[in-house]
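Read through the structure below, which is laid out as structure tokens, and then see the notes.
The values are calculated or read from the model by the stated rules, or taken from the named source; none is laboratory data. Owing to the predicted nature of the structure, the values given are computational and were not obtained by experimental measurement. Note that we place each Cβ from the backbone using ideal geometry, even for glycine, and neighbour counts take in every protein chain shown. Keep in mind that these areas ignore ligands, DNA and RNA; they rest on the heavy atoms of the full protein, side chains included. Shrake-Rupley method; radii C 1.70, N 1.55, O 1.52, S 1.80 Å.
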Amino acid sequence: QVQLVESGGGLVQAGGSLRLSCAASERTIRTYTMGWFRQAPGKEREFVAAISWSAGRTYYADSVKGRCTFSRDYAKNTVILQMNSLKPEDTAVYYCAARSNPGIAPTLEYEYWGQGTQVTVSS
């Protein structure tokens, strides 16, 4: 059973930063492809970023490229999404997800999902 627990969401002004964390087991962090997704009110869930289980390859949606960094903290068994230069359109519930498939291309085909953390960016 893979459990994912997100934290770090909150309210921030436009231009600010947030650091989202997703805690999981050591095995999950070390052997699963990890992804971040978001869902705004009235919109479909969308891909934000993914990181491979090996070599730390990353892939970012165009909407966040250059503003977000996705990394792993093996010592804390977490993955981290550092978000900078936040915009009101970044407002959404952010979800952490894990998949056994090693691909990091944008897809919603992840087997395990966290409960989500709210990010609100005020203008």
Q | Only one of ALA14, ALA49 that is small (Gly, Ala, Ser) and under 21 Å from GLN115 (Cα atoms) | A | ALA49
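Looking at SER25, SER21 in this structure, which one is polar (S, T, N, Q) and over 15 Å from VAL119 (Cα atoms)? Don't jump to the end; show me each part of the working.
Numbers: SER21 fails: over 15 Å from VAL119 (Cα atoms).
Unique residue meeting the criteria: SER25.
Within the stretch 11-34, work out how many residues are touching a residue at least 12 places away in the same chain (Cβ under 8 Å) and either of a type in the set (D, E, K, R) or under 17 Å from ARG67 (Cβ atoms) (or both).
Going residue by residue through the stretch 11-34, those that are touching a residue at least 12 places away in the same chain (Cβ under 8 Å) are 11-26, 28-34.
In the following step, the residues that additionally are either of a type in the set (D, E, K, R) or under 17 Å from ARG67 (Cβ atoms) (or both) were identified as 12-20, 26, 30.
Qualifying residue count for the region: 11.
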Q. Restricting attention to the stretch 16-38, which residues are among the charged types (D, E, K, R), loosely packed, with under 15 Cβ neighbours inside 10 Å and at pLDDT 95 or above?
A. ARG19
Q: Scan the stretch 43-91 for residues that are within 20 Å of GLN13 (Cβ to Cβ) and either among the small types (Gly, Ala, Ser) or in a loop (DSSP other than H, G, I, E, B) (or both) and jot them down.
A: SER63, VAL64, GLY66, ARG67, ASN84, SER85, LEU86, LYS87, THR91
Q: State which residue is farthest from GLN3 (Cα to Cα) when the search covers only the stretch 88-123 and only residues that are open to solvent by 20 Å² or more (accessible area, probe 1.4 Å) and of a type in the set (A, V, I, L, M).
A: ALA105
Q.
I'd like the residue in the stretch 1-15 that is out of contact with any Phe, Trp or Tyr (no Cβ under 8 Å at 6 or more places or on another chain) and in a strand (DSSP E or B) and, out of all such residues, is surrounded by the most Cβ atoms within 10 Å (Cβ to Cβ).
A. VAL12
(Q) I'd like to verify a number: residues in the stretch 38-68 that are of a type in the set (S, T, N, Q) and either touching a His at 6+ places or on another chain (Cβ under 7 Å) or closer than 16 Å to CYS22 by Cβ (or both), how many? (A) 3
